[in-house]
Amino acid sequence: MSDALIREARAALKRAERVAVLTGAGVSAESGIPTFRGAEGFWRSYRPEDLATPQAYARDPILVWEWYAMRFEIVTNAQPNRAHGLLAELEQEKHLTLVTQNVDGLHKRAGSKSVLELHGNITQSRCESCGYLDGLEPGFEIPPHCSRCGERARPNVVWFGESLPQATFQNAINAFADADLALIIGTSGVVEPAASLARLAKEQGAYIIEINPERTPLSSAADTSLPMSALEGMTVLMAGDERV
Ligand code: NAD
Ligand code: ZN
């Protein structure tokens, strides 16, 4: 990673007026929330394709809810980290839209306002009958029931094989099509169609910065790919490490 590239990325960010951000599980790794595919990922002991699908839920709703209850507990005990915080600060300076694949709600807890949650939010249940969203409380009953109509509720997340919430995704497309600069942080880039947002911004001439300790399918499309954690990368870009 050359200092010149870091300086170039920093200058591009400074110049940009409209910024679109896409975050994945990596941005929350330093808050102690495991990624699915990382070394400490859930997928080791629980294969997500066996749990995060409509079929799994139809087969064994209690098992699926127990997995979500375990993840709910991790998320509610976690705190946003400095990478979430710096993204909230960036929103004060730019016209910024933050699109996230995360279901942990940490961007909002860090103070970001313009957040599009593509995959829902693990701290809510959604009624299977009327669609009402309830906030889950620690120790919630399994399975939870709708506070409005009393029917069973499911996790308010997008499962494998389900489509994204259309209006939310359309807003994400608009933000990336409109951006001068796109920041792609901590996503493996294999979950479509979210990953295609980066390519869309690129096609529209945006400057692309990726932050990820590993190379991803998006790395070659990025103008600058910072091989760093979300926290290091955001610090280098924003807090201004004066050595480079
Ligand atoms: P992923 O688990 O597929 O990939 C995570 C990426 O983060 C990897 O590319 C990895 O190299 C990178 N990474 C690991 N540590 C990092 C760090 N400290 N800083 C920056 N990057 C780091 O996650 P994904 O691509 O976001 O998609 C998988 C799906 O899993 C998503 O749909 C999401 O809904 C779900 N998920 C969400 C959470 C959460 O809400 N926190 C956690 C796990 C999985
Ligand atoms: Zn209901």
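Treating only the Cβ atoms of Lys and Arg (+1) and Asp and Glu (-1) as charged, compute the dipole magnitude of the chain about its Cα centre; round to the nearest 20 debye. Don't jump to the answer; show the numbers that get you there.
Working: 23 positive and 31 negative charges, 36 e Å.
My answer is approximately 180 debye.
I'd like the antiparallel share, as a percent to the nearest 5, of DSSP beta bridges with both residues in the chain.
Values: 8 of 30 bridges.
DSSP beta bridges in the chain are roughly 25 percent antiparallel.
Could you calculate, for the stretch 149-244, the ratio of the Cα radius of gyration to the Kirkwood radius, expressed as Rg to Rh? Intermediate results must be reported in sequence, preceding the final value.
Working: Rg = 16.3 Å, Rh = 15.1 Å.
Here Rg/Rh amounts to 1.08.
Amide H to amide H, which residues 5 or more places from ILE211 or on other chains are under 5 Å from it, using H placed in the peptide plane?
Here ILE184, ILE185, GLY186, LEU226 satisfy the definition.
Please list, in order along the stretch 76-86, the HN-Hα scalar couplings obtained from phi with the Karplus expression 6.51 cos²θ - 1.76 cosθ + 1.60 (θ = phi - 60°), rounded to whole Hz, x for Gly and Pro.
Taking θ as phi minus 60°, the curve returns 6, 8, 7, 10, x, 9, 5, 5, 4, x, 5 Hz for the stretch 76-86.
GNM on the chain, C-alpha springs below 10 Å: top fluctuator among LEU22, LEU13, LEU63?
Answer for the Gaussian network model of the chain: LEU63.
With everything on Cα atoms, drop me the angle between helix 3-15 and the longest principal axis of the chain, reported from 0 to 90° to the nearest 10.
Approximately 70 degrees, to the nearest ten.
With a 1.4 Å probe and all protein chains in place, put ILE211, ILE173 in order of accessible area, largest first. Don't skip to the answer; put the middle values down first.
Values: ILE211 0, ILE173 50 Å².
Accessible-area ranking of ILE211, ILE173, largest first: ILE173, ILE211.
Excluding THR76 itself, calculate the net charge of residues whose Cβ lies under 13 Å from the Cβ of THR76, where each Lys or Arg counts +1 and each Asp or Glu counts -1. Could you put the intermediate results ahead of the total?
Details: positive: ARG71, ARG109; negative: GLU73, ASP104, GLU137.
That sum, taken over residues with Cβ under 13 Å, equals -1.
Taking Cα pairs under 8 Å and at least six residues apart, what relative contact order does the stretch 131-244 come out at, in percent?
Working: 120 pairs, mean separation 18.6, N = 114.
Reported relative contact order: 16 percent.
Would you mind getting the accessible area per residue of the chain, heavy atoms of the protein chains only, 1.4 Å probe, in Å²?
Numbers: 11520 Å² over 244 residues.
On a per-residue basis, the chain sits at 47 Å².
With loop defined by DSSP as not H, G, I, E or B, and exposure as at most 14 other Cβ atoms within 10 Å, which is the longest segment of the chain clear of exposed trypsin sites (Lys or Arg not before Pro)?
Working: sites that count: LYS113, ARG148, ARG215, ARG243.
Free of exposed loop sites, the longest segment is 1-112.
For the chain, what's the relative contact order in percent, using C-alpha pairs closer than 8 Å and at least 6 residues apart?
Details: 428 pairs, mean separation 59.6, N = 244.
About 24 percent, as a whole number.
Between GLY139, GLY26, GLY111, which gets the highest mean-square fluctuation from a Gaussian network model of the chain, Cα cutoff 10 Å?
GLY139
Of the accessible area of the chain, with the probe set at 1.4 angstrom, what percent is carbon plus sulfur?
Details: 5540 of 11520 Å².
Carbon and sulfur together cover 48 percent of it.
Short version: ³J(HN,Hα) in whole Hz for each residue of the stretch 139-145, in order, from phi by Karplus 6.51 cos²θ - 1.76 cosθ + 1.60 (θ = phi - 60°), x for Gly and Pro, what are they?
In residue order, the calculated couplings are x, 4, 5, 10, x, x, 10 Hz.
Could you pull the Rg and Dmax for the chain, using just the Cα atoms, both in Å?
According to the Cα coordinates of the chain, Rg and Dmax are 18.3, 60 Å.
In a shell of Cβ-Cβ distance under 13 Å around GLU8, excluding GLU8 itself, what net charge do Lys and Arg (+1) and Asp and Glu (-1) give? Display every interim value, and only then the final one.
Working: positive: ARG7, ARG10, LYS14, ARG15; negative: ASP3, ASP223.
With Lys, Arg at +1 and Asp, Glu at -1, the neighbours total +2.
Checking the cross-link filter: which lysines have an alpha carbon closer than 22 Å to that of LYS108, excluding same-chain neighbours under 8 positions apart?
LYS94
If we count every other residue with Cβ under 12 angstrom of ILE185's Cβ, Lys/Arg +1 and Asp/Glu -1, where does the sum land? Don't skip to the end; give the middle numbers.
Numbers: positive: none; negative: GLU30, GLU210, GLU232.
Net local charge, ILE185 excluded: -3.
Could you give me the ³J(HN,Hα) list for the stretch 146-156, computed from phi with Karplus coefficients 6.51, -1.76, 1.60 and θ = phi - 60°, whole Hz, x at Gly and Pro?
5, 6, 9, 10, x, 6, 5, 10, 10, x, 8
Would you list which aspartates and glutamates come within 19 Å of LYS202, measuring only between C-alpha atoms, while excluding same-chain residues fewer than 8 positions from it?
Partners found: GLU8, GLU17, ASP178, ASP180, GLU192, GLU210, ASP223.
Quick one: pull the percentage of alpha-carbon pairs in the stretch 9-154 with a separation above 23 Å.
Numbers: 4526 of 10585 pairs.
Cα-Cα pairs of the stretch 9-154 separated by over 23 Å account for 43 percent.
The values are calculated or read from the model by the stated rules, or taken from the named source; none is laboratory data. What you see is a predicted model, and the numbers here were worked out from it, not measured in a lab. Using ideal geometry, Cβ is built from the backbone for each residue, glycine included, and neighbour counts are taken over all protein chains shown. Quick note on the areas: whole protein, heavy atoms, side chains included, nothing else; ligands and nucleic acids left out. Shrake-Rupley method; radii C 1.70, N 1.55, O 1.52, S 1.80 Å.
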